[in-house]
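**Student:** Before I ask anything, here is the structure I am working with.
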């Protein structure tokens, strides 16, 4: 039954308020909640050995020392009247926004100013919330496989019809597959209002070349589409030819918003800090043709519905840009990249086709059977948690995502089990 | 011109995506941004003495020692592999939710379980986001004067028409005034889907008696209305007859959601932690009459669009419930309450009518002139920042809000200037 996971039987017979029925279109619980549920269920059966988690993309290594020290200092400041901080500046502290603009953008030749940066508590929140700035009738394009947040938040907002065979009516799906290396080309003849792109990709680990991104920017300028560019895994890029930011492409400043996060860059999944870049030159329009800058709308959205990131957390994030912080985060990511390489090498040696694992912490493996079957087999026979590719869309069916977020020893043990 | 603060002139002639035009109905920037702008402008003119800020309700005293110590310990944990934490449990850590359920609810006889609590980074975020769970056609009732977030987030969501004379078409305004002590009665004959209530009230400082809240709950049960109860200032209640939670009222568990925050309770405005209580028994309905529990919808909303609160911050919040934490937060609030009493005494001695300042950090003063005039006069002649009552709605016109969030010395100096 449609919406069965949300409907209930009330214990009273009171009149009731009207819910947002778009939620009832959602096909199941959030992917990672479902993975967690199956793992909990199996754990309750007392598995024969320790379960190794290579599923959800959660980091395992401690925060870099520079971040810990900066955060500890800031906590002490919060305990003294003279250095205590209440509400911070609405877009985030200047010390953090300026470090970001300088190191992540201007150092790469990208023309991004500190006041175009909005500090937040997560790229998931920002990629989920940004759609609010667009019309309820806006047409949305998403990759497939896709990070579920892009789809689900648009379903909740009522921009889709019902789902059938794992796809929602009204969404434009951009198919990724072995043929295009999981980097879909811009859809000729289509003019969606928004397209979500994610490189290095979650879940496939694929990266886009400069030429591929340039084709997207050119198409977006011609078709009147805003690119929501998720670069949460940017720090894993080691190939000097692969762009780190969409703003490395000429013309992107007019049509692209970029999402970044400290979660994977510096192990902040439990610390919580991210940022979104909204260039002042990104313009959308009303039905009557009036031009509206997204920068002002996002500022209004954030000042109305958000209240900033914890001051000690912003200090910890700023420490990522110090000399020590840069060295420590690079070493952290080198460790995860070595894991990814080991996973890919093992899977390839077993004859599986793989994407990712080089400029990405994810290895995307063709399983040779339905994704959830492969997930259950790996869980119950090898005691390894992965993420079923089918959870990322129809094009993910038959694939499994391995995450490199673990210690080298644990990854080695997991690979030995295969 | 409608939306003039958001429209712009593009530097290009590209086609453009469709924006959410509801944002253009918003009358001006967020109230506190406008206050900050006027203060910045005046500061640039080099005022003759230090500006004293009794405007925005931002705390000034350091975090309680128990919170600082707990947070510092947690930061150290984040620096060691064995104690490092990545993504936390989706509704918040059990150590915090259990402390909340026990101390804030069960100790007062309220039947609230730990799994009905959702830890978040702010009550502003939660009160702003909760409307997403309801139909786009849901009818909304708000108090006037009102915390602007309740109104603006519904405007953004398209549940109103345009504004005229400071009110949006389609909203039901519940008028507060000297006659009802700024505690409006339930609207007879009306059946909104949602009503926002806030006690102790921001901005008026008014509190609701047990009988008044019971009348609201009775009416909500009969009219099929969900009460969104904002209790962010609960910790300021000292009168034993005033309820701290809506769940002290029989029957509230079926119709009320409650928002709480550590911002004002323990000085967390820059540290960021809050929580929302969604009892499993609060049920809404689809157009076809199917029943839907809001608990499941909010869980889905939060797991899709939010990623939890920083672990060290959750540890700091849990420390509020330790013996030392309780003593320290009580002392902190006693200090602010003494300020509030002093402000109210001074204003009353000058002949001004006031509400609040006893079980609330806010003193709401009848100014005898338009609010923004009184704001500008106080800023430019007394160098005191207040908040203009008109920013909270039509019924706030002619009033000024004084905040008690400052040191006793600073408040004494401000009062001496009057």
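**Student:** Looking only at segment A:391-405, filter to residues that are surrounded by fewer than 24 Cβ atoms within 10 Å (Cβ to Cβ) and touching a strand residue (DSSP E or B) at 6+ places or on another chain (Cβ under 8 Å); which one of those is nearest to residue A:343 (Cα to Cα)?
**Tutor:** A:398
**Student:** Out of curiosity, is residue B:75 more than 7 Å from chain A (Cβ to nearest Cβ), in a helix (DSSP H, G or I) and touching a helix residue (DSSP H, G or I) at 6+ places or on another chain (Cβ under 8 Å)? If you could, list the steps in order and put the result at the bottom.
**Tutor:** On the way: more than 7 Å from chain A (Cβ to nearest Cβ): no; in a helix (DSSP H, G or I): yes; touching a helix residue (DSSP H, G or I) at 6+ places or on another chain (Cβ under 8 Å): yes.
Spelling it out, it is not the case that residue B:75 is more than 7 Å from chain A (Cβ to nearest Cβ), in a helix (DSSP H, G or I) and touching a helix residue (DSSP H, G or I) at 6+ places or on another chain (Cβ under 8 Å).
**Student:** Of (1) out of contact with any helix residue (DSSP H, G or I) (no Cβ under 6 Å at 6 or more places or on another chain); (2) more than 7 Å from chain B (Cβ to nearest Cβ); (3) touching a residue at least 24 places away in the same chain (Cβ under 8 Å); (4) crowded, with 17+ Cβ neighbours inside 10 Å, residue A:5 satisfies all except one. Which?
**Tutor:** Tallying (1) out of contact with any helix residue (DSSP H, G or I) (no Cβ under 6 Å at 6 or more places or on another chain); (2) more than 7 Å from chain B (Cβ to nearest Cβ); (3) touching a residue at least 24 places away in the same chain (Cβ under 8 Å); (4) crowded, with 17+ Cβ neighbours inside 10 Å, residue A:5 fails exactly one: (4).
**Student:** Mind checking which residues of segment B:306-325 are touching a residue at least 60 places away in the same chain (Cβ under 8 Å), part of a helix (DSSP H, G or I) and surrounded by fewer than 22 Cβ atoms within 10 Å (Cβ to Cβ)?
**Tutor:** Answer for segment B:306-325, where residues must be touching a residue at least 60 places away in the same chain (Cβ under 8 Å), part of a helix (DSSP H, G or I) and surrounded by fewer than 22 Cβ atoms within 10 Å (Cβ to Cβ): just B:324.
**Student:** Considering only strands (runs of 3 or more DSSP E) fully contained in segment B:228-290, which possess at least 3 residues that are at the interface with chain A (Cβ under 9 Å from one of its Cβ atoms) and under 30 Å from residue A:8 (Cβ atoms)?
**Tutor:** B:283-285
**Student:** Can we say residue B:213 is away from chain A (no Cβ under 14 Å), in contact with a helix residue (DSSP H, G or I) (Cβ under 7 Å, 6 or more places away or on another chain) and assigned to a helix (DSSP H, G or I)?
**Tutor:** For residue B:213, the condition - away from chain A (no Cβ under 14 Å), in contact with a helix residue (DSSP H, G or I) (Cβ under 7 Å, 6 or more places away or on another chain) and assigned to a helix (DSSP H, G or I) - is met.
**Student:** Could we say that residue B:158 is within 14 Å of chain A (Cβ to nearest Cβ), surrounded by fewer than 21 Cβ atoms within 10 Å (Cβ to Cβ), modelled with pLDDT of 95 or more and more than 20 Å from the chain's Cα centre (by Cα) here?
**Tutor:** yes
**Student:** Next question, about the same structure. Would you mind stating whether residue A:175 is modelled with pLDDT of 95 or more, more than 9 Å from every other protein chain (Cβ to nearest Cβ) and in contact with a strand residue (DSSP E or B) (Cβ under 6 Å, 6 or more places away or on another chain)?
**Tutor:** yes
**Student:** Could you tell me how many of the residues in segment B:135-149 are touching a residue at least 60 places away in the same chain (Cβ under 8 Å), within 29 Å of residue A:311 (Cβ to Cβ) and either not in a loop (DSSP other than H, G, I, E, B) or not assigned by TED's automatic domain parsing to the domain that holds residue B:259 (or both)?
**Tutor:** 1
**Student:** On to the next question. Please pick out the residue among B:256, B:284, B:290 that is surrounded by fewer than 22 Cβ atoms within 10 Å (Cβ to Cβ), in contact with a strand residue (DSSP E or B) (Cβ under 6 Å, 6 or more places away or on another chain) and closer than 30 Å to residue B:191 by Cβ.
**Tutor:** Within the list B:256, B:284, B:290, the selection yields B:290.
**Student:** Could you say whether any residue in segment A:90-104 is more than 14 Å from chain B (Cβ to nearest Cβ), within 21 Å of the chain's Cα centre (by Cα), free of Cβ contacts under 8 Å to residues at least 24 places away in the same chain and more than 25 Å from residue B:130 (Cβ to Cβ)?
**Tutor:** So far as segment A:90-104 goes, yes, one or more of its residues are more than 14 Å from chain B (Cβ to nearest Cβ), within 21 Å of the chain's Cα centre (by Cα), free of Cβ contacts under 8 Å to residues at least 24 places away in the same chain and more than 25 Å from residue B:130 (Cβ to Cβ).
**Student:** What do you reckon, is residue A:194 within 20 Å of residue A:251 (Cβ to Cβ), touching a residue at least 40 places away in the same chain (Cβ under 8 Å), crowded, with 20+ Cβ neighbours inside 10 Å and under 18 Å from the mean Cα position of the chain (by Cα)? I'd like the intermediate steps shown before the answer.
**Tutor:** Working: within 20 Å of residue A:251 (Cβ to Cβ): yes; touching a residue at least 40 places away in the same chain (Cβ under 8 Å): yes; crowded, with 20+ Cβ neighbours inside 10 Å: yes; under 18 Å from the mean Cα position of the chain (by Cα): yes.
Against the criterion (within 20 Å of residue A:251 (Cβ to Cβ), touching a residue at least 40 places away in the same chain (Cβ under 8 Å), crowded, with 20+ Cβ neighbours inside 10 Å and under 18 Å from the mean Cα position of the chain (by Cα)), residue A:194 qualifies.
**Student:** While we're on this one: Would you confirm, using the coordinates I've provided, whether residue A:267 is more than 28 Å from residue B:88 (Cβ to Cβ), touching a helix residue (DSSP H, G or I) at 6+ places or on another chain (Cβ under 7 Å), touching a residue at least 60 places away in the same chain (Cβ under 8 Å) and buried (at least 24 other Cβ atoms within 10 Å of the Cβ)? Can you show your working first?
**Tutor:** Working: more than 28 Å from residue B:88 (Cβ to Cβ): no; touching a helix residue (DSSP H, G or I) at 6+ places or on another chain (Cβ under 7 Å): yes; touching a residue at least 60 places away in the same chain (Cβ under 8 Å): yes; buried (at least 24 other Cβ atoms within 10 Å of the Cβ): yes.
Taking the combined requirement at face value, the residue does not satisfy it.
**Student:** Counting only residues that are facing chain B (nearest Cβ under 7 Å) and in a helix (DSSP H, G or I), which one in segment A:291-300 is nearest to residue B:33 (Cα to Cα)?
**Tutor:** A:300
**Student:** Out of the residues in segment A:18-72 meeting the condition of being more than 20 Å from the chain's Cα centre (by Cα) and in a strand (DSSP E or B), tell me which one is farthest from the other protein chains (Cβ to nearest Cβ).
**Tutor:** Only one residue fits best here, namely A:52.
**Student:** So, one more: May I ask you to say which residue of B:179, B:170, B:205 is assigned to a loop (DSSP other than H, G, I, E, B), surrounded by fewer than 16 Cβ atoms within 10 Å (Cβ to Cβ) and not assigned by TED's automatic domain parsing to the domain that holds residue B:395? Reasoning before the result, please.
**Tutor:** Numbers: B:179 fails: assigned to a loop (DSSP other than H, G, I, E, B); B:205 fails: surrounded by fewer than 16 Cβ atoms within 10 Å (Cβ to Cβ).
Only one candidate passes the filter, namely B:170.
**Student:** With respect to residue B:375, is the statement that it is in the same structural domain as residue B:133 (by TED's automatic domain parsing) and modelled with pLDDT of 95 or more true?
**Tutor:** No: the conditions fail for residue B:375.
**Student:** Could we say that residue A:132 is at the interface with chain B (Cβ under 9 Å from one of its Cβ atoms) and either surrounded by 22 or more Cβ atoms within 10 Å (Cβ to Cβ) or not in a helix (DSSP H, G or I) (or both) here?
**Tutor:** The answer is no for residue A:132.
Matching residues to (1) in contact with a helix residue (DSSP H, G or I) (Cβ under 6 Å, 6 or more places away or on another chain); (2) without any contact (Cβ under 8 Å) to a residue 40 or more places away in the chain:
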site	(1), (2)
B:15	no, yes
B:20	yes, no
B:34	no, no
B:43	no, yes
B:71	yes, no
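Yes/no matrix, rows are residues, columns are (1) farther than 16 Å from residue B:120 by Cβ; (2) out of contact with any helix residue (DSSP H, G or I) (no Cβ under 8 Å at 6 or more places or on another chain):
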position	(1), (2)
A:277	yes, no
A:280	yes, no
A:286	yes, no
A:291	yes, yes
A:294	yes, no
A:301	yes, no
A:306	no, no
A:313	no, no
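The values are calculated or read from the model by the stated rules, or taken from the named source; none is laboratory data. Since the model is a prediction, treat every value here as computed from it, not as a measurement. No Cβ is skipped: glycine too gets one built from the backbone with ideal geometry, and neighbour counts run over all protein chains shown.
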